[in-house]
Amino acid sequence: MTHVLPLKPEQPEQSVGRSIDDYHVEVHIGHLLRRAHQRASAIFQSHMGYEQITPTQFAALTKLRDEGELSQNHLGRLTAMDPATIQGVIRRLIDRGLIETRPDESDRRRMLLRLTEEGQRMTAQLIPHGFDITDDTLEPLTEDEKEEIVRLLRKIS
């Protein structure tokens, strides 16, 4: 069943002790997460842009490296991508010769994905940059803060 949002949201009841004049977008979680994502994306691009690889493509490549062969559906679940997104990611990686498919012997309707030799080479070349991206993104934080933010983000995701 598809959930359709109403055209005009219902007027929320005012929270006790909160006035609309007290709302400042720059201190709220959605805005802060978007800003952090923009930072992480810019840092990713500075490290990986030369290979024309996106964060979702990198996630798919590294997960295939970790797991070997996976169905598209399973890869999408492991990388937190919806079916349409993972389908596009896979198509582009196949077009670039980084992954290949083969029929699943236990279910001929399903295709299994795996890295090609070129995909293995590129993934091995890119993974060290993944460490650098995390380090650069979290650079303003202390070691304790780095551990805490990762712990908290895992808790809400």
Looking only at region 102-126, which residues are within 22 Å of the chain's Cα centre (by Cα) and exposed (fewer than 14 other Cβ atoms within 10 Å of the Cβ)?
Arg121, Ala124, Gln125
Which residues, taken from region 108-141, are of a type in the set (D, E, K, R) and either modelled with pLDDT of 95 or more or in contact with a strand residue (DSSP E or B) (Cβ under 7 Å, 6 or more places away or on another chain) (or both)?
Arg110, Arg114, Glu117, Glu118, Arg121, Asp132, Asp135, Asp136, Glu139
Return the pair list, or none, for Cβ contacts closer than 6 Å from residues in region 85-97 that are on the phi < 0 side of the Ramachandran plot to residues that are assigned to a helix (DSSP H, G or I) and of a type in the set (A, V, I, L, M), at least 6 apart or on different chains.
Val89/Ala60
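Hey, can you tell me all the residues within region 142-157 that are among the hydroxyl-bearing types (Ser, Thr, Tyr) and either touching a Leu at 6+ places or on another chain (Cβ under 7 Å) or modelled with pLDDT of 95 or more (or both)?
Within region 142-157, the subset among the hydroxyl-bearing types (Ser, Thr, Tyr) is 142, 157.
Thr142, the sole residue that qualifies.
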Output for region 127-157, where each listed residue is free of Cβ contacts under 8 Å to residues at least 24 places away in the same chain, charged (D, E, K, R) and either part of a loop (DSSP other than H, G, I, E, B) or surrounded by 11 or more Cβ atoms within 10 Å (Cβ to Cβ) (or both)
Asp135, Glu139, Glu145, Lys146, Glu147, Glu148
Residue in region 26-37 that is assigned to a loop (DSSP other than H, G, I, E, B), at pLDDT 95 or above and closer than 27 Å to Ser157 by Cβ present:
no
For region 70-84, the count of residues that are touching a residue at least 40 places away in the same chain (Cβ under 8 Å) and buried (at least 16 other Cβ atoms within 10 Å of the Cβ) equals 2
Take Ile90 and decide whether it is within 16 Å of Leu70 (Cα to Cα) and assigned to a helix (DSSP H, G or I).
yes
The lone condition Thr101 fails out of (1) in contact with a Ser or Thr (Cβ under 8 Å, 6 or more places away or on another chain); (2) modelled with pLDDT of 95 or more; (3) not in a helix (DSSP H, G or I) is (1)
Region 85-101 - residue that is of a type in the set (Lys, Arg) and within 18 Å of the chain's Cα centre (by Cα) and, of those, surrounded by the most Cβ atoms within 10 Å (Cβ to Cβ):
Arg92
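The values are calculated or read from the model by the stated rules, or taken from the named source; none is laboratory data. Just so you know, these numbers come straight off a predicted model, no measurement behind them. Glycine also receives a Cβ, built like all others from the backbone with ideal geometry; neighbour counts cover every protein chain displayed.
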